[in-house]
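Throughout, read-outs are computed from the coordinates displayed, never taken from laboratory work. All figures in this text were calculated on a predicted structure; none of them were measured in a lab. Virtual Cβ from ideal backbone geometry, glycine too; neighbours counted across all protein chains shown.
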Amino acid sequence: MLNVGQIEQGYVLDHIPAGKSMSIYHHLGLDKFDSCVAIIKNARSGKLGKKDLMKIECDINSLNLDVLAVICQTITVNVVKDGEIIEKKLLTLPKELKNIMKCKNPRCITSIEQELPHIFYLDEKKEIYRCKYCDEKNHEKF
Amino acid sequence: MNPLDFTTEELDRLFDLAVDIEANPAKYSKKCEGKKLATCFYEPSTRTRLSFESAMLNLGGSVIGFSDAGSSSASKGESVSDTIRIISCYADICAMRHPKEGAPMVAASRSKIPVINAGDGGHQHPTQTLTDLLTIRSLKGRLGGFTIGLCGDLKFGRTVHSLINALSRYDDITFIMISPEELKVPDYIRDMLTEKGIAFKEVISLEDVMPELDLLYMTRVQRERFFNEEDYIRLKDFYILNKQKMALAKDDMLVLHPLPRVNEISVEVDDDPRAAYFKQVQYGVYVRMALILTLLELV
């Protein structure tokens, strides 16, 4: 069994579906981050069989976790301060996502105006995201 | 702007204004004196552009603009965001048509002046929907309590989708969707009607349902929506409304069409008093006048 030490401040993301941690790593922008990140892939899990797990040492206000719910709503987010878990965050799909995914509709204005932010809004009835400009649904998989 | 962004009460106020404009045109003939409308048409559209221009001229205002992307700075690579910032310095209000979906929304978010979506690709054409609603309300006296047949290309026709969405907010409407199998309404429309408990049925034969209809909304099968010319040729004349079919209809049924028509309404129907599609064009001018006045806060 692999042991990774405790973190003082930051996040522990548990119950990540196996294989999704690298996607989270990129979507949270951790590749551009200067602090300590531990990724455990394919750990044994009673609930899931196999799971990924991440420990991110950072200021607890420095990450936008919106994308996590889009990847998987069952991920457990533990907020750690002074070495203790102070909060377990429940993930809900955010109403709007900015520059997380790109609109693939060739007829959309974003296809020709590169500087526009790619904004998607939540179609709550169907739990899907639609482009704010053309209403096309997102097909991007995470 | 999407017609659903307006509440039904706001739409009523807009339509009341349009009705007053129709009854008292002189009262409004100088309301926009000194104001300029910019018509920014990145793709050709004779009727919609002229309707906007006519609306502004009827209000005593003036018009500037361009009628295709080739004669605008877009041909030099200028973005919609930059163009609208510049137009904002020249005009008081803008009507924009663009082949790319969402372009008028981008313009509106960067603009100091109101921007009206005059059609963005296959996405929305809100002033056509306002025109359709005003025509129905004016000629039927109500928006609700009728059976409407929608006939032709129900798959790609954005005017049909917008009209169904807009009418679904009113009471006691039955939709009869008349189309060949290949051009049926998209699933999301069917799902929306089912969710709201709105009565609808889908049929292929126009003749069979003619006696049931209070309104018939005909549409053109659009060549530009097909990838395959053979499919277009096979489906383009699937429905032709003629005198024989009109004989099956109620005496007070109305025929609407967003125009241009090709073969789907025979010219022999034009003289039938139930043919309302040319009146619809006139209502388009009234509703655009009402919209300009409302957005410029001149009423």
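Of A:Lys20/A:Lys126; A:Lys47/A:Lys89; A:Lys104/B:Lys196, which ones are farther than 25 Å apart at the Cα?
The pairs that break the limit, which is 25 Å between Cα atoms, are A:Lys104/B:Lys196.
7 Å from Cα along Cα→Cβ at both B:Leu248 and B:Thr7: what's the point-to-point distance in nm?
4.3 nm
Under 23 Å Cα-Cα from B:Lys243, which lysines qualify once same-chain neighbours fewer than 8 residues away are excluded?
Answer for B:Lys243, where 23 Å is the Cα cut-off: B:Lys140, B:Lys279, listed by chain and number.
Please report the base-10 log of the normalised intensity I(q)/I(0) for the protein assembly as shown, using a Debye sum with one equal scatterer per alpha carbon and no solvent, at each q in 0.06, 0.12, 0.14 (1/Å).
Debye intensities relative to I(0), on a log10 scale: -0.36, -1.04, -1.25.
Calculate how steeply helix B:158-167 sits against the longest principal axis of the alpha-carbon atoms of chain B, using the helix alpha-carbon long axis, and give the answer as 0 to 90 degrees to the nearest 10.
80 degrees
Within straight cross-link reach of B:Lys245, meaning Cα distance under 20 Å, which lysines are found once same-chain residues fewer than 8 apart are removed?
B:Lys201, B:Lys236
Each residue of the stretch B:253-269 in order: what ³J(HN,Hα) in whole Hz does its phi give by Karplus 6.51 cos²θ - 1.76 cosθ + 1.60, θ = phi - 60°, with x for Gly and Pro?
Going residue by residue, I get 5, 10, 9, 10, 7, x, 6, x, 9, 10, 10, 5, 10, 5, 4, 5, 7 Hz, with x marking Gly and Pro.
By counting other Cβ atoms within 10 Å of each Cβ, how are B:Cys94, A:Cys131, A:Cys72 ranked from fewest to most?
Starting with the residue having the fewest Cβ neighbours, the order is A:Cys72, A:Cys131, B:Cys94.
Take the Cα atoms of the stretch B:4-62, find their three principal axes, and give me the spread along each one in whole Å, biggest first.
33, 30, 18
Could you name the aspartates and glutamates whose alpha carbon sits less than 18 Å from that of A:Lys132, not counting residues in the same chain fewer than 8 places away?
Straight-line reach from A:Lys132, under 18 Å: A:Asp66, A:Glu96, A:Glu113, A:Glu115, A:Asp123, A:Glu124, A:Glu140, B:Asp5, B:Glu101, B:Asp120.
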